[in-house]
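What follows is a single structure, written as structure tokens, with notes after it.
The values are calculated or read from the model by the stated rules, or taken from the named source; none is laboratory data. Computed from a prediction, not measured in an experiment: that's the story for all the values here. For neighbour counting, all protein chains shown are included, and Cβ atoms are generated from backbone atoms with ideal geometry for every residue, glycine included.
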Amino acid sequence: MLARLRRDPWVRLALLVLLCACAGWALHGHWEQARDTALSLPLWTLPLAVLAGMAGLTAQMMAWRALLAGLGSPLPVPVAARVMFVGQLGKYLPGSVWAFVAQVELARDHAVPRVRGTAATLLAVGVTVAAGLAVAAVALPLSSAEAARTWWWALALAPLLLAGLHPRVVRWGVRLAARPFARFREVAEAGPLDIGGRAMAAALGWTLAAWVPLGLHLWVLVWAVGGDPRGSLAPAVGAYALAWTLGLLVVFAPAGLGVREAVLVVALAPVVDAGAALVAAVLSRLVMTVADVAWAGLSVPLARFGGAAADADGRPGPA
């Protein structure tokens, strides 16, 4: 199936149409849920939240790009953006694994071996989970005791997962995971799957930075539905970090649907009532879907421009 996906442009086009249709359907559904509330908000609320969400997604893309470069396949920023943001539309299919499959296959168009793209994508998930739980472990106990008690087991994993990001541990884990596939030619052609401390530090730094604008997008929405702007910042950042992370781990839920909302309602209880928290959660889902679709649309012309610039410099552009 993957070989046919690469060879047949009609299959790829059909898959792209399916991804866009699923993302559009999700966007329509979220708008139907949030329309009445969204229309009653100040005009600046949703655009500001969308821009914050897009900034957070940009930082996450840079983290994945740093890991890919550390494994030996650097990509220009516009090309990396196209690969990640178009591929991430796959999370609107049932089962978040499709986003990763699409991302790996799109990266192959730019001479990234599948095994290397898979390793970078899985490492990015690991860094995202570790950083998200670390942010939540710092922010939530100080602002939402109920959330900290409910998901204490997840917060307790944060130090262990951060320790697991040490390059020696990562190299050992990647080699162990690749060992059953060592007989395949593509694994040998990809070379050693070693990653240095600088690449891991860059990925972790970008991921930690991503939680600032991602938390700010929720803070804007909580403020708009009646939350105290001073007291809701830490709960918003911690709540969204935990909600995103747990939603990512529940792979059968498209884009963590249902999981994020349940976590946000509990975590935001100290600053808004349950009804307002649910409204903010629904608005957040709408905002982040718009951010996903917007970046997917913008990344295609950006990648074309980046490819033309690379060709002008004498370096290979995107396929």
* Structure fact -> When the stretch 221-249 is checked residue by residue, the ones that are under 15 Å from V272 (Cα atoms), without any contact (Cβ under 8 Å) to a residue 24 or more places away in the chain and not in a loop (DSSP other than H, G, I, E, B) are W223, L233
* Structure fact -> The condition from (1) closer than 19 Å to A124 by Cβ; (2) modelled with pLDDT of 85 or more; (3) surrounded by fewer than 24 Cβ atoms within 10 Å (Cβ to Cβ) that A243 misses is numbered (3)
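Take the residues in the stretch 70-102 that are β-branched (V, I, T) and over 22 Å from I195 (Cβ atoms), then tell me which one is surrounded by the fewest Cβ atoms within 10 Å (Cβ to Cβ). Working first, answer last.
Taking the stretch 70-102 and keeping what is β-branched (V, I, T), we get 77, 79, 83, 86, 97, 101.
Retained after the next criterion (residues that are over 22 Å from I195 (Cβ atoms)): 86, 97.
Working: V86: 21, V97: 13.
Among them, the one singled out is V97.
Which one of V279, V272 is assigned to a loop (DSSP other than H, G, I, E, B), buried (at least 19 other Cβ atoms within 10 Å of the Cβ) and at pLDDT below 90?
V272
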* **the stretch 194-220 - residue that is touching a Gly at 6+ places or on another chain (Cβ under 6 Å) and assigned to a helix (DSSP H, G or I) and, of those, farthest from T128 (Cα to Cα)** => H217
* Any idea which of L75, L93, L46, L41 is under 17 Å from the mean Cα position of the chain (by Cα) and not basic (K, R)? -> L93
* Asked: Hey, does the stretch 105-120 have a residue that's under 12 Å from the mean Cα position of the chain (by Cα), crowded, with 24+ Cβ neighbours inside 10 Å and within 24 Å of P213 (Cα to Cα)?
  -> no
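Where in the stretch 85-173 are there helices (runs of 4 or more DSSP H), lying fully within it, with 2 or more residues that are within 25 Å of G72 (Cβ to Cβ)? Break it down stepwise before answering.
Details: elements: 97-108, 114-143, 145-150, 152-156, 158-163.
Once the helices (runs of 4 or more DSSP H) in the stretch 85-173 are filtered for at least 2 residues that are within 25 Å of G72 (Cβ to Cβ), what remains is 97-108, 114-143, 158-163.
Working only within the stretch 39-49, note down all residues that are touching a residue at least 24 places away in the same chain (Cβ under 8 Å), in a helix (DSSP H, G or I) and more than 27 Å from A130 (Cβ to Cβ).
First pass over the stretch 39-49, keeping only residues touching a residue at least 24 places away in the same chain (Cβ under 8 Å): 41-42, 45-46, 48-49.
Now restrict to residues that are in a helix (DSSP H, G or I): 45-46, 48-49.
Hits for the stretch 39-49 are T45, L46, L48.
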* Asked: Can you name every residue in the stretch 70-93 that is under 14 Å from R114 (Cα atoms) and of a type in the set (A, V, I, L, M)?
  -> L71, V83
* Asked: Can you tell which of A255, A319 is more than 17 Å from the chain's Cα centre (by Cα) and either at pLDDT below 90 or not charged (D, E, K, R) (or both)?
  -> A319
